[in-house]
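Here's the structure, in structure tokens; my notes come after.
The values are calculated or read from the model by the stated rules, or taken from the named source; none is laboratory data. Keep in mind that what you see is a predicted model, and the values were worked out from it rather than measured. Because the Cβ atoms are built from the backbone with ideal geometry, glycine has one as well, and the counts that use them run over all protein chains shown. Quick note on the areas: whole protein, heavy atoms, side chains included, nothing else; ligands and nucleic acids left out. Shrake-Rupley method; radii C 1.70, N 1.55, O 1.52, S 1.80 Å.
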Amino acid sequence: MEDLDYKKLGMKCGLEIHVQLSTKNKLFCSCLSRLVKEDNDRLLRIQRRLRTVAGELGEIDTAAIHESEKGKTFEYVSYPEESCLVELDEEIIHDVSPAALSAALQIARLLNCEIPDEIHFMRKLVIDGSNISGFQRTAIVGMNGFIDTDFGRVRIANVSLEEDSAQIVSRLGNKDVYGLDRLGMPLVEIGTEADIHSPEQARQAAEKIGGLLKLTGKVHSHLGAIRQDLNVSISGGARSEIKGVQSLSLIPKVIEEEVKRQLALVLAGKNVHKDVRRALPDGSTEFLRPLPGAARLYPETDHVPVAVTEEMLTEAKKTMKKATAEELSERCKISLELARQIINENKAVLFESLSENYDPSIVANILTSYLKEMKSEKIAVEKLTEERLKEFFSALNGRQPAKETMLRMLRELAMTALPAEKIASSIETLPDSDIRKIVEKIIKSNKDAIEKYNAANIIMGLVMKEVKGKAQGNKVMKIIQEEIKKTS
Ligand SMILES: [Zn+2]
């Protein structure tokens with residue numbers, strides 16, 4: 001694979017991240033905000049067709065023309081508890097869900113955004129049938145924020161609260177069938193400026209934003225709950241919007257492929273069109289439709305603007321801080337004190353990311369106390385980048401050496417350029433038979449104490465002292481329990 005010089009090519013990339021909020025109800029009605037897993041007999045099917053009309057300025061959107069030319073029929077499946085007349089566009093929307101609005105404001109705050117004085121809902125033209133009404137409601141809840149990556153700051157252009165679209169069930173001939181369960185579920189959209197200049201920076205920015213979202217404890221985290229779109233362009237090319245990049249690891253590949261695609265067109269002297277494209281699992285993309293113009297937004301007249309009060313802002317700030325430490329502690333099974341420390345030291349995103357591959361309580365200890373200890377030894381801990389630590393934990397592969405061994409390895413990781421794999425493989429692991437011998441010996445020599453107290457824990461402490469990090473805690477515990485059973 002040839003190496004692309006993204007800087008020289010003038011590559012610019014912006015992210016659009018969509019996340020479902022985990023509120024009980026939908027955004028504009030009290031239907032349950034959840035996906036229906038099985039079909040049942042009580043569902044209602046209705047058919048609709050969509051026609052294009054001119055926007056406020058008398059212009060018809062190019063993307064709308066493109067879709068309407070297909071002449072499709074749409075069928076919608078309605079569910080008893082998950083959709084009502086609001087989803088069917090037969091009833092005026094109700095007031096916006098306070099829980100969803102509050103969560104959206106929290107997210108805007110976490111992304112360092114300015115919050116507008118009033119929230120105005122707008123209608124955004126959506127013409128592929130995924131919205132019965134032909135538009136999606138959206139409101140800006142934050143602007144001009146930022147997040148920092150290792151490669152520089154990425155500005156957040158805006159954070160919006162939106163309603164999710166209906167989910168496609170089947171496409172048969174000229175008929176598309178959509179389920180109404182997802183329509184109207186509260187969604188937050190985060191759009192960055194095109195401040196991203198390398199595939200790796202894009203991945204990192206998406207990962208940081210995703211981490212912050214999870215921290216609120218108010219978003220769904222199942223696969224597909226966070227969806228990423230990429231806007232990519234190079235000098236002489238044009239902005240293309242790539243929809244539906246499902247995983248973080250696919251982001252760099254999709255950017256690389258898109259840059260190559262645009263570069264080939266530019267080199268051949270051809271025009272690059274502003275497209276909406278769909279990401280495919282191998283990182284390549286396919287054409288979906290032309291990029292919609294500015295004519296697709298107009299005001300939502302069925303909902304009055306919502307004034308953002310001081311109270312709402314304080315509430316967003318307060319509940320966020322409280323929820324964050326408690327939620328982090330509960331979800332990752334670490335003490336509340338450690339969770340607070342991590343949040344105060346601004347390491348929450350790093351912690352979340354690292355503990356995906358390793359015992360969260362050890363990761364928490366490393367980030368809060370081990371690194372401090374190393375810093376006091378004048379070791380350049382900043383060399384321990386997220387990437388390097390990630391490699392290290394994944395190379396440890398679940399093994400849990402004792403603190404001293406861990407510190408020795410982390411020092412090596414910071415001071416040398418040795419591959420993490422090599423450093424991790426330097427820990428010896430005792431065979432089970434050796435551990436068992438040590439356990440038997442300790443049980444024998446501490447018989448009296450063991451009978452009186454909580455035996456397993458006492459033996460555990462003594463054994464771990466003796467094996468000095470050459471065995472995994474959970475394995476030792478298992479052997480201890482087996483041996484205790486034998487003696488009793
Ligand atoms: Zn409803």
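Using the Cβ-Cβ distance between K37 and A307 with R0 set to 35 Å, the FRET efficiency works out to roughly 0.35. The accessible surface of segment 333-425, taken with every protein chain in place and a 1.4 Å probe, is 50 percent carbon and sulfur. The long axis of helix 98-110 is offset from the longest Cα principal axis of the chain by roughly 70 degrees.
Relative to the Cα centre, what is the charge dipole magnitude of segment 333-425, using +1 at the beta carbon of each Lys and Arg, -1 at the beta carbon of each Asp and Glu, and rounding to the nearest 20 debye?
Numbers: 14 positive and 14 negative charges, 45 e Å.
Magnitude of the dipole: close to 220 debye.
Averaging Cα coordinates gives a centre for segment 172-251 and one for segment 303-381; these two points are 24 Å apart.
In units of the compact-protein estimate 2.2 N^0.38 Å, the chain shows a Cα radius of gyration of 1.18. What angle do you read, to the nearest 10 degrees and between 0 and 90, between the alpha-carbon axis of helix 251-267 and the longest principal axis of the chain? Here the helix axis deviates by roughly 50 degrees.
Per residue, the average separation of C-alpha pairs within less than 8 Å and at least 6 apart gives segment 432-487 a relative contact order of 44 percent.
When only Cα pairs under 8 Å and 6 or more residues apart are kept, what is the percent relative contact order across segment 259-315? Once divided by the residue count of segment 259-315, the mean separation gives 19 percent. Computed from the C-beta positions of E330 and N365, the FRET efficiency with R₀ = 22 Å rounds to 0.75. With N the number of residues in segment 432-487, Rg(Cα) / (2.2 N^0.38 Å) evaluates to 0.99.
Express the relative contact order of segment 160-246 as a whole percentage, based on alpha carbon pairs under 8 Å and six or more residues apart in sequence. Walk me through the intermediate numbers first.
Details: 89 pairs, mean separation 15.5, N = 87.
Over segment 160-246, the number comes to 18 percent.
Express the accessible area of segment 432-487 per residue in Å², computed with a 1.4 Å probe while the remaining protein chains stay in the model.
Numbers: 3640 Å² over 56 residues.
Value returned for segment 432-487: 65 Å² of accessible area per residue.
Accessible surface of segment 1-118, 1.4 Å probe: 47 percent of it comes from carbon and sulfur atoms. How much of the calculated P(r) for segment 333-425 lies past 19 Å, in percent of all Cα pairs? The calculated P(r) of segment 333-425 puts 35 percent of pairs beyond 19 Å. Taking a straight Cα-Cα cut-off under 24 Å and skipping sequence neighbours fewer than 8 places away in the same chain, the lysines within cross-link reach of K253 are K7, K8, K12, K208, K243, K270, K274, K390. Against the chain, whose longest principal axis comes from its Cα atoms, helix 310-332 is set at around 40 degrees. Average accessible surface for segment 333-425: 51 Å² per residue, computed with a 1.4 Å probe over protein heavy atoms with every protein chain in place.
Gain on full extension, evaluated as 0.36 nm per residue between E466 and D5 minus their Cα-Cα distance, stands at 160.6 nm.
Figure legend: label point modelled 7 angstrom from the Cα of N174 along Cα→Cβ; residues of segment 54-76 with amide N under 19 Å from it are 65-76. Residues whose amide H lies under 5 Å from that of E345, counting only those 5 or more places away or on a different chain, are absent; hydrogens are built 1.01 Å from N in the peptide plane. For the listed residue pairs K333/K486; K218/K383; K375/K403, the alpha carbons are over 22 angstrom apart in K333/K486; K218/K383. When +1 charges are put on Lys and Arg Cβ atoms and -1 charges on Asp and Glu Cβ atoms, the dipole computed for the chain relative to its Cα centre reaches about 1680 debye. Ligands, DNA and RNA left out, the 1.4 Å accessible surface of segment 432-487 is 53% carbon and sulfur atoms.
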